[in-house]
Amino acid sequence: MMQTMEENKERVILVGLQLGRNDNFDHEMEELEALCDACYLEPVFTITQALDAPHQALYIGTGKVGEVKQAAANMDADMVVFDDSLSPSQARNLNMEIGLPILDRTALILQIFESRAQTREAKLQVELARLQYMLPRLSGMGVAMSRQGGGSGSRSNKGAGEKKLELDRRYINHRINECKKELQAVKKNRQTQRKSRSQSAIPQVSLVGYTNAGKSTVMNQMLSFYGNPEVTDNEHKKVLQKDMLFATLETTVRKIAPPGRPEFYLSDTVGFIDKLPHHLVDAFRSTLEEVCNADLLLQVVDVSDPYYREHMRVTQETLKDLGAGDIPMLIVYNKADKVPTFAGDIPMVTSNHIHMAAGKGVGIEELLQMIITRLFPPEREMNLMLPYSEGSLLHQLTEQGTIVAQEYQNEGVYVEARLTVSTKMESLWRQLESYRLEK
Ligand SMILES: Nc1nc2c(ncn2[C@@H]2O[C@H](COP(=O)(O)OP(=O)(O)OP(=O)(O)O)[C@@H](O)[C@H]2O)c(=O)[nH]1
Ligand SMILES: [Mg+2]
């Protein structure tokens, strides 16, 4: 089966444009190859150009277009793949100049998402993103078609092509609305499930990070070590982990219940990538809502990837985009077994990061301990005499701590309370200090 896939691979020319001083360019080109691979396309030749700004009509310079055309003929290529997103008119011009189908990075990512989508929701989300991607590109095609139809462009005298374009556009808009409506319904259902989870007071932890970093592997190891003992089939609760881009497209939430220790929910979701098309981010917003509602994020990083810092930057930016930029986070430097300097010395733990190897089951216990310390910081008791003028301080303590006993006396309010010892509470501890009865 795989054999035939290999044989049928379409041959593509890769074209990359290095803009200004882009240090990340090599990485982007390598990633483009990996994206092609995931789409069963075989890169047979690469052409790059350095420019200060993309050519407005053709993205690359006119001379380069000739070079691409020549290379495509020499290498018997089926398509040309560009490294960034092309504007609809650039794609159309390039197609006319080169005479082969033109794909850009966005189209590749859409295609991968389409082939991976399993659930109704994921399928709808990808379809929505695809339709939104097509809409402006349709009009590009329409210009050519309306010329064929001989239409002048005036309202009363439309060419056949232009009429067809309008019908296509109407159909796409109609389908966009249908997708949105269906998604709304699916979303409601999931929100109800999430509501019951968030009301249960069990904290929620979300795995996030660049695609292929090992998020699903961490999830599966947590399930193997500490899956919910109430369900006997933790094996069935596992998610797909695989060495490919975007193995995961759905959000999965599982309960982690380590014996004798507090439980929490852990969610695994779609990974991020540089220049993730914004239609896709928008379309997957509801899938990613789980992330926005988390009490703690675990950012999984493939520390063996030479570009892992770049991946962390992209992850941080995407989280910010989603409105999850301020949620507390632990950094999981995964695949440390592949880095010679760490290999003999894992797991390695500090207060907010860990070097581990989820794939080898190394560091899972340590990671669990870090999560629990973060989610359930230790509490200390205190006795206070708060003057009546400190009403707002008492209010803060009621909100953020636990009041064990409280009595209104002449000199003020006598309070016995518990408050967590954590950096978040530092300022409150400081303000309460002078009213404590015993230190
Ligand atoms: N060497 C090594 N490989 C690992 C480790 N953890 C995960 N892997 C491998 O890395 C690949 C990707 O793992 P996944 O868990 O599917 O990655 P993911 O972050 O869920 O990826 P997407 O769902 O595609 O975004 C798989 O082939 C894993 O077996 C590790 O600690 N060491
Ligand atoms: Mg995954």
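Observations
- Scan of the range 242-263 for residues that are touching a Leu at 6+ places or on another chain (Cβ under 6 Å) and within 16 Å of ligand 1 (Cβ to nearest atom), ordered by number: ALA247, ARG254
Quick grid of which residues meet (1) at pLDDT 95 or above; (2) polar (S, T, N, Q); (3) outside the structural domain of LEU276 (by TED's automatic domain parsing):
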site: PHE25; (1), (2), (3): no, no, yes
site: THR48; (1), (2), (3): yes, yes, yes
site: TYR59; (1), (2), (3): yes, no, yes
site: VAL68; (1), (2), (3): yes, no, yes
site: VAL80; (1), (2), (3): yes, no, yes
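- Residues of the range 175-219 satisfying the condition of being hydroxyl-bearing (Ser, Thr, Tyr) and either near ligand 1 (Cβ under 9 Å from one of its atoms) or under 20 Å from GLN125 (Cα atoms) (or both): THR192, TYR210, THR211, SER216, THR217
- Restricting the range 107-124 to residues that are among the polar types (S, T, N, Q) and at pLDDT below 90, the residue that is least open to solvent (accessible area, probe 1.4 Å): THR119
- Restricting attention to the range 220-240 and to residues that are more than 12 Å from ligand 1 (Cβ to nearest atom) and charged (D, E, K, R), the residue that is modelled with the lowest pLDDT turns out to be ASP233.
- Of all residues assigned to the range 240-254, at least one qualifies as being in the same structural domain as LEU207 (by TED's automatic domain parsing), hydrophobic (A, V, I, L, M, F, W, C), open to solvent by 40 Å² or more (accessible area, probe 1.4 Å) and closer than 23 Å to ARG130 by Cβ.
- The lone exception for GLU317 - which of (1) touching a helix residue (DSSP H, G or I) at 6+ places or on another chain (Cβ under 9 Å); (2) open to solvent by 40 Å² or more (accessible area, probe 1.4 Å) it fails: (1)
- Selection status of SER85, at pLDDT below 90 and under 19 Å from the mean Cα position of the chain (by Cα): yes
- Taking the criterion of being more than 11 Å from ligand 2 (Cβ to nearest atom), assigned to a loop (DSSP other than H, G, I, E, B) and either touching a helix residue (DSSP H, G or I) at 6+ places or on another chain (Cβ under 8 Å) or modelled with pLDDT of 85 or more (or both), the residues of the range 195-212 that qualify are ILE202, PRO203.
- Selection status of GLU366, surrounded by fewer than 20 Cβ atoms within 10 Å (Cβ to Cβ) and within 15 Å of ligand 1 (Cβ to nearest atom): yes
- Unique residue being on the phi < 0 side of the Ramachandran plot, open to solvent by 80 Å² or more (accessible area, probe 1.4 Å) and more than 36 Å from the chain's Cα centre (by Cα) when the list is GLU390, GLU416, GLU426, GLU381: GLU381
- Answer residue from the range 258-269, given it is over 11 Å from the mean Cα position of the chain (by Cα) and open to solvent by less than 10 Å² (accessible area, probe 1.4 Å) and is farthest from ligand 2 (Cβ to nearest atom) among those: PRO258
- Members of the range 339-359 that are in a strand (DSSP E or B), surrounded by fewer than 20 Cβ atoms within 10 Å (Cβ to Cβ) and in contact with a Leu (Cβ under 8 Å, 6 or more places away or on another chain): HIS353
- Filter pass, GLU390 being within 16 Å of ligand 1 (Cβ to nearest atom) and assigned to a helix (DSSP H, G or I): no
- Per-region count, the range 270-282, residues closer than 21 Å to VAL239 by Cβ and either of a type in the set (Lys, Arg) or open to solvent by less than 10 Å² (accessible area, probe 1.4 Å) (or both): 5
The values are calculated or read from the model by the stated rules, or taken from the named source; none is laboratory data. Note that this is a predicted model, so its numbers are computed, not measured. Reconstructed Cβ throughout: ideal geometry from the backbone, glycine too, with neighbour counts over all protein chains shown. Note: accessible area is taken over every heavy atom of the protein model, side chains too, but ligands, DNA and RNA are not part of it. Shrake-Rupley method; radii C 1.70, N 1.55, O 1.52, S 1.80 Å.
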